[in-house]
Amino acid sequence: MELEIKNGVVFDPLNKVDGEKKDILIRDGRIVEKLKGKHDVIDASGKLVMPGGVEIHSHFAGGKETAGRMLRPEDGARTVYPKRNGLRSGSGYSMPSSFTAGYLYAQMGYTMCNTPAMPPLFARHTHEELGDVPIVDKSAYPTFDGNWFVMRYLKEGDPDKLAACVAWFLRATKGLVIKIVNPGGTENWGWGKNAVGIDDPVIGFDVTPAQIVKGLAEVNERLKLPHSIHLHPNNLGKPGNIETTVETLELCREVKSANARQTVYLTHAQFHSFGGDSWKNFESKADELAKYINRCDHVVCDTGNVTLDETTTMTSDGPMEYFLHNLTHLKWVNKDVELETAPGITPFIYSRKNPVHSVQWAIGLELALLIDDPFKVLLATDHPNGGPFTRYPRIIAWLMSEPYRRYYMEERVHKGAQKGSSLATLDREYTFSDIAVVTRAGQAKALGLSELKGHLGVGAHGDVAIYDIDPAQVDPSKDFKAVEKGFAKTAYTIKDGEIIVKDGLIRATPQGRTYWANPVVDHELDREMLKDVEQYFKKYYSVNLANYPVQKEYLKRGREIQIDARDVK
Amino acid sequence: MEIHTDVICPFCGTLCDDIEVHVENGRVMEALNACKLGNAKFMSMNKKNRHIVPMVRGEDGFTETTIEDAVERVARMLVDAKKPLLYGWATTECEAQSVGIELAEEVGGVIDSCASVCHGPSVLAIQDVGFPSVTLGEVKNRADLDIYWGSNPMHAHPRHMSRYSRYPRGYFRERGQQDRTVIVIDVRRTDTAGIADKFLQVSPGDDYELVNAFRTLLNGGDIPDEVAGIAKKDIASALELMKTCQFGMLFFGVGLTMSPGKHRNIDNAISLVVDLNKYTKFNLIPMRGHYNVTGFSEVLTWQSGFPFGVDYTRGYPQYNPGETTSVELLSRGEVDAVFVVGSDPAANFPKKAVEHLAKIPSAVIEPHETPTTYLCDLNIPSAIAGIEVEGTAYRMDNVPIRMRKIMDAPAGLYSDREILEMILLKVREIKNGA
Ligand code: SF4
Ligand SMILES: [Zn+2]
């Protein structure tokens, strides 16, 4: 199968292509230099051509995601998607159901999505559900924040077994990334407590959040994982949390990167950039975080934009969700997972009229505008926590247009946003190339998958998004509505060389790949570590070890990333 | 002899995964670790006279037919119906449930599980007030107080207490039973009550009042000297245990969900648990009966957005319990065909609903003979999920486990999933004008 995309205006930052008219050729699913024979041609003249979008952090599938849907039939009833053109039906405004999520991402030009908080014990659920998310390639990040084995090896000071054990969990859960959510806090939540400082004790385990973060960051590099640790620090959403955030990032500064990339990925940075000490004097500290990130090379973050919608918050941060529930008194789900983590869920209604929410809206944008290098600050809403992913086109338009932001500042959101943030003073406007960075190239690079994803060079996957925006005609600063509309639905989405979306309509629904990491450590060490695991399992888990690892049947199209880590012994 | 270890018991929502099954010449010799109920399920594999061939009702009773003919009949029935009901799903694997949902969508029918006659009220309550819960291993490692309300695990979930609550040693509960307190609340002194540290006998139908009494006292109010047949001091001392424990659990069963008040009972009970979190750590888990009723609501929810009672007649999922749920649809005569998979509505639906079921075209997939297989016009026997077929089931705390296959089904039998796939294919053929 061969395809030629002719005359498009190409933005491919990883290959330093910045708005050139260029043909993209695809054969057997990969970008190639030359085509061999008869092939289809897409005329992309006057259209924007980018690599397929890469979602680095979105709760679109998994156990708590489904619990969130179950909790909120009102969200399901708000938006329904009928069965048509051979597509499955679905529902959900803030939390679209599984098939629908795949279609919606593909329609926006995304070809890879990663679900960022998978409790290991629920990995089977996540993979079952991922099998029902069509089109996009995907992966899941298992959570390690309250992992009893991790804490035990940290306490015993056994970094080798710790590394072997993390490798085992990645293998058992078919996970790609080490995810850490409110380190130590989720374990303490087992007693209704939390961890609010990085040196707080974890009850019953004699370790601290700082040890968990640093220990896992080091393990991550020893195992040479593609991505860095993926971190949601302590104190999410609390006034004054900027201090904790910077302290936590500082823990990873000296960690040596195995793959020439960041050593810590700070997710939904907006929720971690708060100043003040109460909701009364709450203010943005985006400038402080931006200053820090501009100065150092070991951090990449995503924005965690708030889009001012009614949504369903869901994180593995159980104590935070309870805290939120106590603020709003809306219904609340708690889902503590034995020996691992503690997810929670509660609806949240962001309001344009609320000063705090308006400042949060501003912080997400400030971060993107204050951090100089777009490769360090990627676009995400922590779907659905800051807002649904379907709002990305609007965020793109905000980033590209100072007048659009000013209109929101002056006419739409609470005046508090002007006082509580510096957004009104920022006149930077993103270019199309910057947008290509923060929606695909940057994600692929931060994930360590930039050989295959996020670019259009020879050898990359034939994943391409073609948008009906003509950069020669459209001035994004003025025509922000055209930008917003143009990024909402592609003219074409191409996945592995196949036309998936044409004129906004889905034409094919192939099964995407599921990536997972398999770092192989020294055999002897692996055996020794497994002896501990066996013992612990029998005593403390509620399932048998033999029934714990995710069986191969659950990955409909699994892609193992094997890593030689035999030097870990 | 073959020895199968770490086998999952496909019987109750406890979903024990440590059964050791000994099989010799196609016969189950032993099912070690299983309780009486689980053991009976494994041993029932040895029964003779199992149906292999689909049976269809004719002028003079049932006659045998082929699987191809049976599949075609079900497909035609579903396509011809204006609003078919696809009901059951609690005793089959998620992979089959998933095909069932696709089939319901394809024929524009209603799909529903037995939740509407057991834990549907729990789901409604969750949708009202939420659901503070944990996995069962948390209970084992931390809980020092377990309350069973309207639930008699000694009979319905016999290993629940030994695996998770009353007896096991856990990380923070090294002495096992000695570290834990059990309260039973029920309308009668059950066997479970017999081994509890405290038993509160609530007068029938007064569960709501009792929850209210707890909440009133907890929130600083006062209550009469006796509520729901229980003395104030007993209520107060039980509440004291709840407030002062380190980690409390409320397990509730159909005694609470199906007593008068239904989802309002659970609403209120969940609110009590939420309130208790101001004092200590407290959570709850519904004691789901059938081993995979939980799995069905998971799969249906991630695919459609809703957990049961989903109506696809308009081409998109609609959920309106009381309107799109089986008992009501049948009792009001609003469905014109019924397809049952892995359930026995003839035995446990209200009379009016069963009467309508008997009047309209109907079919069932079911390994055993049941009142429903006699009532339906057509029955297709299938292989037994979790013993002859592997696949996913979700435990009562939503933990997904892969059930193992330990023996082959008798030749000629297909799994639920295979039969459903054949029907789906046939439906599409018919719709495409074949
Ligand atoms: S408690 Fe339930 S799952 Fe466990 S062995 Fe008995 S019947 Fe089977
Ligand atoms: Zn998140």
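Quick note: the coordinates plus some simple rules give every number you see, no bench work behind them. Keep in mind that what you see is a predicted model, and the values were worked out from it rather than measured. Neighbour counts are summed over all protein chains in view; Cβ atoms, including those assigned to glycine, are modelled from backbone coordinates with ideal geometry.
Observations, loosely collected:
- Mean separation of Cα contacts under 8 Å, 6 or more apart, over the residue count of chain A: relative contact order %: 20 percent
- Mean residue ellipticity, 222 nm, helices only, the protein assembly as shown: the sum of -39500 (n - 2.57) across DSSP H runs of n ≥ 4, divided by residue count and rounded to 500, is -9500 deg cm²/dmol.
- Cα convex hull volume per residue for chain A (Å³): 136 Å³
- Antiparallel bridges, percent of DSSP beta bridges restricted to the protein assembly as shown (to nearest 5): 45 percent
- Linear extension gain, residue B:188 paired with residue B:429, 0.36 nm per residue minus alpha-carbon span: 81.2 nm
- Relative exposure of A:191, A:279, B:302, A:332, judged by other C-beta atoms within 10 Å (fewest first): A:279, A:191, A:332, B:302
- Rounded Å value of the spacing that divides the Cα centres of the range B:144-204 and the range B:315-340: 37 Å
- A simple spin-label model places pseudo-atoms 7 Å from Cα toward Cβ; at residue A:1 and residue A:74 they are separated by 4.3 nm.
- Per-q log10 I(q)/I(0), chain B, q = 0.11, 0.14 Å⁻¹ (Debye; single scatterer per alpha-carbon; no solvent): -0.87, -1.26
- Put in line by how crowded their Cβ is, counting other Cβ atoms within 10 Å and starting with the fewest, B:166, B:264 read B:264, B:166.
- Per-residue average of Cβ from other chains inside 10 Å of A:2-9: 0
- Förster radius 25 Å - calculated FRET efficiency between residue A:156 and residue B:162, Cβ distance, rounded to 0.05: 0.20
- Furthest towards positive pole of dipole, A:59, A:168, A:103, structure part the range A:43-190, Cβ charges: A:103
- For the cross-link pairs A:155/A:291; A:285/A:478; A:161/A:538; A:238/A:419; A:415/B:278; B:48/B:351, the ones whose C-alpha atoms lie over 25 Å apart are A:155/A:291; A:285/A:478; A:415/B:278; B:48/B:351.
- Length gained when the stretch residue A:406-residue A:193 is fully extended (0.36 nm per residue, less Cα-Cα span): 72.5 nm
- Take every DSSP beta bridge whose two residues both sit in the range B:120-286; close to 15 percent of them are antiparallel.
- Positive-pole candidate from A:5, A:315, A:281, dipole of chain A, charges at beta carbon: A:5
- Each of B:177, B:147, B:269 was placed along the dipole of the range B:120-286 (beta-carbon charges, centred on the mean Cα), and the one lying farthest toward the positive end is B:177.
- Inter-label distance, nm, simple model (7 Å from Cα along the C-beta direction), residue A:536/residue B:27: 4.5 nm
- Straight-line cross-link reach from residue A:214 at under 14 Å between alpha-carbon atoms covers these aspartates and glutamates, not counting any fewer than eight positions away in the same chain: A:145, A:158, A:199, A:247, A:250, A:254.
- With the simple model of a label 7 Å out from the Cα in the direction of the Cβ, residue B:219 to residue A:280 spans 2.8 nm.
- Tensor-based shape of the range B:258-406 (alpha-carbon gyration tensor, a/c under 1.5 rounded, otherwise prolate or oblate): oblate
- Stokes-Einstein translational diffusion, the range A:145-233 - Kirkwood Rh over all Cα pairs, 1.306 mPa s, 10 °C, in µm²/s: 123 µm²/s
- Chain B, relative contact order in percent, only Cα pairs under 8 angstrom and at least six apart counted: 24 percent
- Amide H contacts of residue A:518 (H built 1.01 Å from N, under 5 Å, at least 5 apart or other chain): A:561, A:562, A:563
- With 0.36 nm allotted per residue and the present C-alpha distance subtracted, the residue B:314-residue B:241 stretch has 21.2 nm of extension available.
- Other-chain or far-sequence residues with amide H under 5 Å of residue A:309's (modelled H): A:350
- Shape descriptor for the range A:18-118: Rg over Rh equals 1.10 (Cα atoms; Rh from the Kirkwood inverse mean 1/r).
- Remark on residue B:249: its backbone amide H falls under 5 Å from those of B:145, B:146, B:147, B:283, a criterion applied only to residues 5 or more positions apart or on other chains, H modelled at 1.01 Å from N.
- Averaging the sequence gap over all C-alpha pairs within less than 8 Å and six or more residues apart, then dividing by the number of residues, gives the range B:120-286 a relative contact order of 32 percent.
- Distance distribution note for the range A:246-368: the fraction of Cα pairs above 26 angstrom is 30%.
- Value in Å of the Kirkwood radius, where the range A:397-449 supplies the Cα pairs that are averaged: 12.6 Å
- Take each residue in A:126-137, count the other chain C-beta atoms within 10 Å of its C-beta, and the mean is 2.
- Overall, the ratio between the Cα radius of gyration of the range B:2-44 and 2.2 N^0.38 Å, rounded to two decimals, is 1.03.
- With both residues required to sit in chain A, DSSP beta bridges show an antiparallel share near 50%.
- Principal axis box of the range B:120-286, alpha-carbon based, largest edge first, Å: 39, 31, 30
- In terms of other Cβ atoms within 10 Å, A:47, B:198, B:359 run from fewest to most in the order B:359, B:198, A:47.
- Projected-area mean, the protein assembly as shown, by convex hull of Cα positions, square nanometres: 40.2 nm²
- Per residue, the convex hull spanned by the Cα atoms of the range A:65-184 measures out at 113 cubic angstrom.
- Taking every residue in B:277-287 and counting other chain Cβ atoms within 10 Å of its Cβ, the average works out to 2.
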